[in-house]
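Down below is the structure, laid out as structure tokens.
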Amino acid sequence: MAFYKEQYDMSAANDEISTTVNSSNDILNRHSHEDSKAPSAASGVQLYRFGTVTFGLVALVQLGLITFLALRIQASQKNLTEVKEQLIRAIYNTEANYTNVREKKDDLKRALNDFSFQLNSLTEERDKLKIVNYEMETRSKNLTEERDELQGKLNNLDTEARSRIISLERDKLRKRLTTLAQSGWTLFRGSAYYISSTTKTWQESRIYCLSADADLMIINSKEEQDFANSFQIYMWIGLTDLRTEGTWEWVDGSPLTTSYWGTTEPNGKTEENCGDIKTFTTERSWNDENCSHSLKWICEMKLTQ
Ligand code: MMA
Ligand code: CA
């Protein structure tokens, strides 16, 4: 548009120039016409001078106009070149922007696709987890019920077991009472003692005591020693070195605290591995004897502990 305007301005300026030239020619023509009407030397010279000056002036004006127009054209061209460059840059930028926008659009499309895919996966996963959760809840409920049922059964069993234990203990006590009610049993300081009327080997004597929920007598104090001697009976007690030759111990596995061996006893070495009360008239009444000897015996049933 600006370009066309410049063109229009240029043609207008050309018209202006030609108009000016034409009018100058008219003046010249008019003067030469007048000269032909009144020919004289002075006026001819004047006319010539006037013509020359006028022509010079017109030429100067034309030159000025041409220079002015040339400058305007140059300026316009420069302007146009700048505008063209600006337009090229704008087009280039627009294209770059468009490419950029298109790439961004593609990126967004891809991102949206990915997002949709992920959303689908997550939805599926959520649905699966919902099912799993439901199953777990059901299972948990069942297990809780099962646990409560088992706990109830265990409580019942516990009650049953306790009552069974109590029954067993009751039966044991009844049996003990029945034993103690028999003749031959004597109470002394928390224990019951039985002196046999028949004789047996050390081992058979022990079996008898065990079957009565007792064992051969264990002597832990001077009082017990005196009590044992007071019966004045040659009898087996719960003393032996059968487990380790030379190491005397009680039938419950405890070692001797105080011993009451008779003088020169024990003397039987490997031949005599079971203990008895023999020299009961003295405090030191113990003797080691061959276990196969047949002797009376004394059992002890501990009633405390
Ligand atoms: C018996 C027997 C021994 C004891 C002596 C004591 C002859 O053997 O009872 O064990 O040591 O008597 O004289
Ligand atoms: Ca002996």
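The values are calculated or read from the model by the stated rules, or taken from the named source; none is laboratory data. These figures come from a predicted structure and were not determined experimentally. Using ideal geometry, Cβ is built from the backbone for each residue, glycine included, and neighbour counts are taken over all protein chains shown. What goes into the accessible areas is simple: the full protein's heavy atoms, side chains included, and nothing from ligands, DNA or RNA. Shrake-Rupley method; radii C 1.70, N 1.55, O 1.52, S 1.80 Å.
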Exercise for the section: Considering every residue within the stretch 76-94, establish whether at least one is under 60 Å from the mean Cα position of the chain (by Cα) and among the polar types (S, T, N, Q). Expected result: yes
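Residues are listed down the side, and each one gets a yes or a no for (1) among the hydroxyl-bearing types (Ser, Thr, Tyr); (2) within 16 Å of ligand 2 (Cβ to nearest atom); (3) part of a strand (DSSP E or B); (4) modelled with pLDDT of 95 or more:
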{"site": "TYR208", "(1), (2), (3), (4)": "yes, no, no, yes"}
{"site": "ALA228", "(1), (2), (3), (4)": "no, no, no, yes"}
{"site": "LEU239", "(1), (2), (3), (4)": "no, yes, yes, yes"}
{"site": "GLY253", "(1), (2), (3), (4)": "no, no, no, yes"}
{"site": "THR264", "(1), (2), (3), (4)": "yes, yes, no, yes"}
{"site": "ASP276", "(1), (2), (3), (4)": "no, yes, yes, yes"}
{"site": "THR281", "(1), (2), (3), (4)": "yes, no, no, yes"}
{"site": "SER292", "(1), (2), (3), (4)": "yes, yes, no, yes"}
{"site": "MET301", "(1), (2), (3), (4)": "no, no, yes, yes"}
Problem - Single condition TYR234 does not satisfy, out of (1) within 14 Å of ligand 1 (Cβ to nearest atom); (2) buried (at least 18 other Cβ atoms within 10 Å of the Cβ) - result: (2)
Fill in the blank from the handout: Among (1) under 25 Å from ALA181 (Cβ atoms); (2) part of a loop (DSSP other than H, G, I, E, B); (3) within 15 Å of ligand 1 (Cβ to nearest atom), ILE218 falls short only on (3)
Problem - Residue match in the stretch 164-172 (condition: farther than 28 Å from PRO266 by Cβ and touching a residue at least 40 places away in the same chain (Cβ under 8 Å)) - result: yes
Problem - Subset of the stretch 262-286 [in contact with a Ser or Thr (Cβ under 9 Å, 6 or more places away or on another chain), open to solvent by 10 Å² or more (accessible area, probe 1.4 Å) and near ligand 1 (Cβ under 10 Å from one of its atoms)] - result: THR263, GLU265, LYS278, THR279
Handout entry: Criterion (open to solvent by less than 100 Å² (accessible area, probe 1.4 Å), within 30 Å of THR257 (Cα to Cα) and without any contact (Cβ under 8 Å) to a residue 40 or more places away in the chain) met by exactly one of GLU160, GLU204
Key = GLU204
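Each row is one residue, and each column tells you yes or no for (1) among the hydroxyl-bearing types (Ser, Thr, Tyr); (2) open to solvent by 90 Å² or more (accessible area, probe 1.4 Å); (3) under 26 Å from GLN305 (Cβ atoms).
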| site | (1), (2), (3) |
| --- | --- |
| GLU145 | no, yes, no |
| ASP148 | no, no, no |
| LEU154 | no, yes, no |
| ARG174 | no, yes, yes |
| SER191 | yes, no, yes |
| THR199 | yes, no, no |
Completion exercise
Inside the stretch 192-206, the number of residues satisfying the requirement of being part of a strand (DSSP E or B) and small (Gly, Ala, Ser) is 1
Fill in the blank from the handout: GLU223: passes all of (1) outside any loop (DSSP other than H, G, I, E, B); (2) away from ligand 1 (no atom under 16 Å from the Cβ); (3) open to solvent by less than 40 Å² (accessible area, probe 1.4 Å) but (3)
